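All remarks here apply to the structure that follows.
The values are calculated or read from the model by the stated rules, or taken from the named source; none is laboratory data. Just so it is clear, the structure is predicted and the values come from calculations on it, not from any experiment. All Cβ positions, even for glycine, are placed from backbone atoms using ideal geometry, and neighbour counts span all protein chains on display.
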Amino acid sequence: MRGLLALAAVVLLAPLALANNYHYEIAILVGLNAIVCVGLNLLIGYAGQVSLGHAGFFGIGAYGSAILAARYGWPPLASLAAATAAAALLAWVVGRPILRLRGHYLAMATLGLGIIISIVITTEDRYTGGPDGMSVPPLALAGFALSGERAWYWLVGALLVATVWLSLNLIDSPVGRALRALHGSEVAAEVAGIDSARHKLLAFVLSAAIAGLAGALTAHYAGFITPGKATFLHSIELVVMVVFGGMASTFGAVVGAAVLTALPQLLTVFKEYEMVVFGGVMMLTMIFMPTGLVPTLAMLARRRR
Amino acid sequence: MNLRTWFAAALLAATAAVQAQAPIRIGSFLSVTGPAAFLGDPEQKTLELYVERINAAGGVLGRKLELIAYDSGGDAEKARTFAKRLIEQDRVDVIVGGSTTGETMAVVPLVEAAGMPFISLAGAVVIVEPVKKWVFKTPHTDRMACDKIFVDMKARGFSKAALISGSGGFDKSMRAQCLGVAKNHGIAIDADETYGAGDTDMTAQLTKIRNAPGVQAVLNAGFGQGPAIVTKNYKQLGIAQPLYQSHGVASKQFIQLAGDAAEGVRLPAAALLVAETLPDSDPQKKVVVDYKRAYEARFKQDVSTFGGHAYDGLMLAVEAMKKAGSADKARVRDALEQIRGYMGTAGVVNMSAQDHMGLDLTAFRMLEVRKGDWALVQ
C-alpha cells in the first residue's frame with residue numbers, strides 16, 4: 001500500500017518538474033509503457049510465462065480502435081473498449097490450447113502470433129494505411145475532445161495508478177498466490193490443487209487486455225499510428241523493460257519502463273555514441289543487478305538496515 | 001537618470017544585441033540509423049556540411065545557423081517525440097527533416113498546431129495533398145515517377161503494360177499511384193504482380209507477366225534489393241519487352257547488384273545522378289555539380305538523391321528567410337509559399353498556395369543503363 005501511495009504522490013507531484021509539453025510527452029509515454037509492463041509483469045514475473053508477442057496485442061488495441069473510430073465512425077470510447085476486448089479475446093482463443101502445454105510453448109506461440117499480427121497490419125493497407133501508417137481521431141466524450149498534453153497526463157497517470165493497484169491486489173489474492181506457486185513449481189502447485197492452465201490463461205488474457213488498452217490510448221494520444229509499434233522489436237523492448245526493472249516486482253515494471261523510455265532522450269547528448277552508451281548502461285545493470293533494478297535496490301536497502 | 005536605470009538600460013541594450021546575434025535554429029529529425037539509414041545518413045551529412053558552409057560565408061541575415069538534429073531510427077513515435085522536443089524545448093525556427101513518409105505524417109499534426117514551418121524530405125503524395133498550411137516537401141512524388149514512365153512508354157508507342165511491385169511502403173504507395181494515373185496516359189495495366197520483402201526469386205511472378213498476352217513493357221515499383229533481383233530474373237527468362245524501374249533504385253548500387261541484366265533498363269531520376277554528363281546549357285547543371293563535388297570531396301562516398309533532398313530543404317528554408325527578412329515562423333512560411341523559379345537538385349521549384357512541393361515533370365530525367373552507367377534518354 002505504501003508503494004501505491006508513493007506512486008500516486010510521484011504522479012501528483014511530477015508536474016512541478018515538467019517545464020513544457022515535451023516533458024509532458026515523455027511522462028505520458030513513460031506512463032503508457034509502464035501500464036503495458038505492469039500487465040506483462042503479471043505474466044512474466046508471476047505466471048512464469050514469457051510473451052514475445054505483446055506488441056501484437058498493443059497493435060490490435062491501437063489499430064482496432066483507430067480503424068473503428070476513423071473508418072467506421074465509432075465514438076472513440078466505444079472503439080477503445082471494443083479494441084481492448086478484441087485483444088483479450090484473441091489472447092483467450094490462442095492461450096487456451098497453448099497454456100495446457102508445459103515449457104516455452106507460449107513464448108513460441110506468442111512470437112508467431114505477434115509476427116502474424118504485424119504482417120497483417122502492414123499488408124492490409126485498405127484498413128490500416130500500410131507501412132506508412134494512418135491518422136487516428138482524438139479521444140472524445142460527449143463532444144469534448146481530450147486534447148493537450150496536460151489532460152492526457154492526468155488520464156494516463158490515473159490509469160497507471162489504477163493498473164498498479166489492480167496488479168497489487170491480484171498478487172495478494174488467492175489467484176496471485178496460485179500464480180506465484182505456479183512460478184515456483186508447477187508440479188507442486190498442481191499437487192496442491194491449483195488449476196495451472198486456468199490461472200496462466202487468466203494472467204495471459206489480463207496482460208493482453210492491458211496491452212490492448214494502452215495501445216488504443218497511444219493511438220488516440222499520438223493521432224497517428226504506424227506498424228512499428230506492433231513489431232517483434234517492440235515486443236522485445238517491452239520484455240526488456242520488465243526484466244530490467246525487475247521481474248515479479250510491479251514497481252520494477254514501472255521503473256523499468258520509466259528508465260528505458262526516458263534514457264534515450266537523455267542520451268541524445270552523446271550523438272552517434274548514443275547506442276553504445278545505452279547498450280553499456282543495460283549491460284552493466286544486468287551484470288551487477290541480475291534480478292533487476294528495483295529488487296536489487298530493495299535488497300540493498302534491507303541489508304543497510 | 002540615476003545609476004540604476006543606466007545599468008538597466010545598458011543591460012537591455014546588451015540583451016537586444018545578443019538576441020540579434022543569436023543563431024537561427026534549424027531543427028531536424030532523420031532516420032540516421034535503422035532500416036531507412038540509407039536516407040537519413042546522407043541527409044544528415046548534407047545538412048551538417050551546408051550549415052557549416054553557410055556559416056563560413058557569414059550566415060543568414062547576419063546570424064549564424066545552428067543545426068539541432070536527432071536520430072529517429074525510422075520510428076514514427078520517436079520522430080513525433082523529437083519534433084515536440086524541437087518545438088517546445090529547443091525552440092527552433094524551422095524544421096527540415098523526416099526521412100520517411102510515416103515519420104513525416106506523424107509529425108504533421110504537431111507542426112500544424114504549433115505553427116512551425118516544416119520541410120519534409122519524404123516522398124509520398126499524401127504529405128502535400130491535401131495542402132497543409134505549414135508543411136512543405138522537397139522530393140518528387142511517386143505519382144510524378146509514374147507519369148514520367150507512362151509518358152515515355154507512350155512515346156515509344158506502348159499501350160499495354162504490366163506492373164510488378166514489392167510490399168514495402170514505397171512500393172505499395174507507388175503501385176497505387178501508377179494504377180491510378182495509368183488511364184490518364186492511355187496505358188492499360190494488364191498484369192499486376194507483387195512480391196514479398198525478403199523474396200530472393202521473382203521468376204514465378206515474371207513468368208505470369210510473360211504469359212499475359214499483349215504486354216509491351218513492364219514497370220517495377222520497388223526499393224532496395226527486390227528490383228535488382230527482378231532485373232536479373234527478367235534477363236534469365238529472356239523477356240524481350242523493355243523494363244522500367246522506379247526512382248527508388250536510382251543509385252549506382254542497383255547497377256552493381258543487377259550487373260549485365262541492368263543494360264537497357266530505364267528509370268526516372270533526378271539530374272544529380274548524371275550531373276557531370278548534363279549539357280552545359282542545362283540550367284540545373286551548376287547546382288547539381290556543385291553539390292555533388294562538395295559532398296563527395298568531404299565524405300568520400302557517392303552522392304545520392306536523398307542527400308540532395310536535404311540540400312534543397314535547407315536551401316529553401318534559407319531562401320525563405322532571406323525573402324522574409326527574418327526568421328519569424330509565419331513570415332518564413334508565407335515566403336516559402338511564394339518561392340518561384342528556385343533551382344534545386346530535384347529541379348525547378350515553383351511553390352504556390354495549392355502546391356507545397358512545386359516540382360513538375362521536367363524535374364525527372366529519363367535515364368537508361370548503358371555500359372554499366374547512367375545515360376540520359378533524349
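Going through segment B:194-215 one residue at a time, which ones are of a type in the set (Val, Ile, Thr), free of Cβ contacts under 8 Å to residues at least 40 places away in the same chain and either loosely packed, with under 15 Cβ neighbours inside 10 Å or in contact with a strand residue (DSSP E or B) (Cβ under 7 Å, 6 or more places away or on another chain) (or both)?
Answer for segment B:194-215, where residues must be of a type in the set (Val, Ile, Thr), free of Cβ contacts under 8 Å to residues at least 40 places away in the same chain and either loosely packed, with under 15 Cβ neighbours inside 10 Å or in contact with a strand residue (DSSP E or B) (Cβ under 7 Å, 6 or more places away or on another chain) (or both): B:194, B:200, B:207.
Would it be correct to say that residue B:189 is hydrophobic (A, V, I, L, M, F, W, C) and without any contact (Cβ under 8 Å) to a residue 40 or more places away in the chain? Talk me through it step by step, then tell me what you get.
Values: hydrophobic (A, V, I, L, M, F, W, C): yes; without any contact (Cβ under 8 Å) to a residue 40 or more places away in the chain: yes.
Yes, satisfied.
Where the second residue is crowded, with 24+ Cβ neighbours inside 10 Å and acidic (Asp, Glu) and the first is over 12 Å from residue B:329 (Cβ atoms) and lies in segment B:86-110, which pairs have Cβ atoms under 7 Å and are six or more apart or on separate chains?
B:99/B:43; B:101/A:132; B:102/A:132; B:105/A:132
Residues in segment B:216-226: is at least one more than 21 Å from residue B:168 (Cβ to Cβ) and either charged (D, E, K, R) or buried (at least 24 other Cβ atoms within 10 Å of the Cβ) (or both)?
Filtering segment B:216-226 down to residues more than 21 Å from residue B:168 (Cβ to Cβ) leaves B:216-217.
Checking which are either charged (D, E, K, R) or buried (at least 24 other Cβ atoms within 10 Å of the Cβ) (or both) leaves us with none.
Looking through segment B:216-226, none of the residues is more than 21 Å from residue B:168 (Cβ to Cβ) and either charged (D, E, K, R) or buried (at least 24 other Cβ atoms within 10 Å of the Cβ) (or both).
Kindly indicate whether residue B:54 is outside any strand (DSSP E or B), of a type outside the set (Gly, Ala, Ser) and more than 12 Å from chain A (Cβ to nearest Cβ).
The answer is yes for residue B:54.
Just to check your reading of the model, which residue among A:165, A:154 is under 27 Å from residue B:109 (Cβ atoms) and either out of contact with any His (no Cβ under 8 Å at 6 or more places or on another chain) or more than 14 Å from chain B (Cβ to nearest Cβ) (or both)?
A:154
How many residues are surrounded by fewer than 18 Cβ atoms within 10 Å (Cβ to Cβ), touching a helix residue (DSSP H, G or I) at 6+ places or on another chain (Cβ under 6 Å) and part of a loop (DSSP other than H, G, I, E, B) when one looks only at segment A:77-107?
1
Any residue at all in segment B:83-101 that is surrounded by fewer than 24 Cβ atoms within 10 Å (Cβ to Cβ), among the acidic types (Asp, Glu) and at the interface with chain A (Cβ under 7 Å from one of its Cβ atoms)?
Yes - at least one qualifying residue is present in segment B:83-101.
Do any residues in segment A:125-150 that are loosely packed, with under 14 Cβ neighbours inside 10 Å have Cβ atoms under 7 Å from those of residues that are part of a helix (DSSP H, G or I) and among the hydroxyl-bearing types (Ser, Thr, Tyr), where the two are at least six apart or on different chains, and which pairs are they?
Between residues of segment A:125-150 that are loosely packed, with under 14 Cβ neighbours inside 10 Å and residues that are part of a helix (DSSP H, G or I) and among the hydroxyl-bearing types (Ser, Thr, Tyr), the close pairs are A:150/A:24.
Helices (runs of 4 or more DSSP H) wholly in segment A:230-305 with at least 1 residues that are surrounded by fewer than 16 Cβ atoms within 10 Å (Cβ to Cβ) and at pLDDT below 85 - which ones?
Those helices (runs of 4 or more DSSP H) span A:274-288, A:293-304.
Working only within segment A:210-235, note down all residues that are more than 11 Å from the chain's Cα centre (by Cα) and away from chain B (no Cβ under 14 Å).
The one that is more than 11 Å from the chain's Cα centre (by Cα) and away from chain B (no Cβ under 14 Å): A:216.
Is it the case that some residue within segment B:39-51 is at the interface with chain A (Cβ under 8 Å from one of its Cβ atoms) and buried (at least 21 other Cβ atoms within 10 Å of the Cβ)?
No, that holds for no residue.
Looking at segment B:172-186 only, could you name the residues that are touching a Pro at 6+ places or on another chain (Cβ under 9 Å), in contact (Cβ under 8 Å) with a residue 24 or more places away in the chain and of a type in the set (D, E, K, R)? Can you show your working first?
Narrowing segment B:172-186 to residues touching a Pro at 6+ places or on another chain (Cβ under 9 Å): B:172-173.
When the remaining residues are screened for being in contact (Cβ under 8 Å) with a residue 24 or more places away in the chain, the result is B:173.
Once the filter is applied, which keeps residues that are touching a Pro at 6+ places or on another chain (Cβ under 9 Å), in contact (Cβ under 8 Å) with a residue 24 or more places away in the chain and of a type in the set (D, E, K, R), segment B:172-186 yields nothing.
May I ask you to list the residues in segment B:22-38 that are away from chain A (no Cβ under 14 Å) and of a type outside the set (A, V, I, L, M)? Before you say what the answer is, go through the steps one by one.
Let us first name the residues in segment B:22-38 that are away from chain A (no Cβ under 14 Å), namely B:22-26, B:38.
Hits for segment B:22-38 are B:23, B:25, B:38.
Of all residues in segment B:170-194, which are within 14 Å of another protein chain (Cβ to nearest Cβ) and either touching a Gly at 6+ places or on another chain (Cβ under 6 Å) or part of a strand (DSSP E or B) (or both)?
Once the filter is applied, which keeps residues that are within 14 Å of another protein chain (Cβ to nearest Cβ) and either touching a Gly at 6+ places or on another chain (Cβ under 6 Å) or part of a strand (DSSP E or B) (or both), segment B:170-194 yields B:170, B:171, B:172, B:194.
Quick test for you: out of A:204, A:278, A:251, pick the one residue that is within 12 Å of chain B (Cβ to nearest Cβ) and in contact (Cβ under 8 Å) with a residue 12 or more places away in the chain.
Result of the check over A:204, A:278, A:251: A:278.
Scan segment A:34-55 and tell me whether some residue there is within 14 Å of chain B (Cβ to nearest Cβ) and either in a helix (DSSP H, G or I) or out of contact with any His (no Cβ under 6 Å at 6 or more places or on another chain) (or both). Outline the logic, then answer.
To start, the set of residues in segment A:34-55 that are within 14 Å of chain B (Cβ to nearest Cβ) comprises A:36, A:55.
Retained after the next criterion (residues that are either in a helix (DSSP H, G or I) or out of contact with any His (no Cβ under 6 Å at 6 or more places or on another chain) (or both)): A:36, A:55.
Yes; the residues of segment A:34-55 include at least one that is within 14 Å of chain B (Cβ to nearest Cβ) and either in a helix (DSSP H, G or I) or out of contact with any His (no Cβ under 6 Å at 6 or more places or on another chain) (or both).
Evaluate the following for residue B:68: is it surrounded by 18 or more Cβ atoms within 10 Å (Cβ to Cβ), within 12 Å of chain A (Cβ to nearest Cβ), under 23 Å from residue B:325 (Cα atoms) and of a type in the set (A, V, I, L, M, F, W, C)? I'd like the intermediate steps shown before the answer.
Numbers: surrounded by 18 or more Cβ atoms within 10 Å (Cβ to Cβ): yes; within 12 Å of chain A (Cβ to nearest Cβ): yes; under 23 Å from residue B:325 (Cα atoms): yes; of a type in the set (A, V, I, L, M, F, W, C): yes.
So residue B:68 passes the test.
Do the conditions hold for residue A:115, that is, is it assigned to a helix (DSSP H, G or I), within 17 Å of the chain's Cα centre (by Cα) and surrounded by 17 or more Cβ atoms within 10 Å (Cβ to Cβ)?
Answer is no for this residue.
Quick check on this structure: which one of B:112, B:129, B:103 is in the same structural domain as residue B:29 (by TED's automatic domain parsing), out of contact with any Leu (no Cβ under 6 Å at 6 or more places or on another chain) and within 26 Å of residue A:263 (Cα to Cα)?
Result of the check over B:112, B:129, B:103: B:103.
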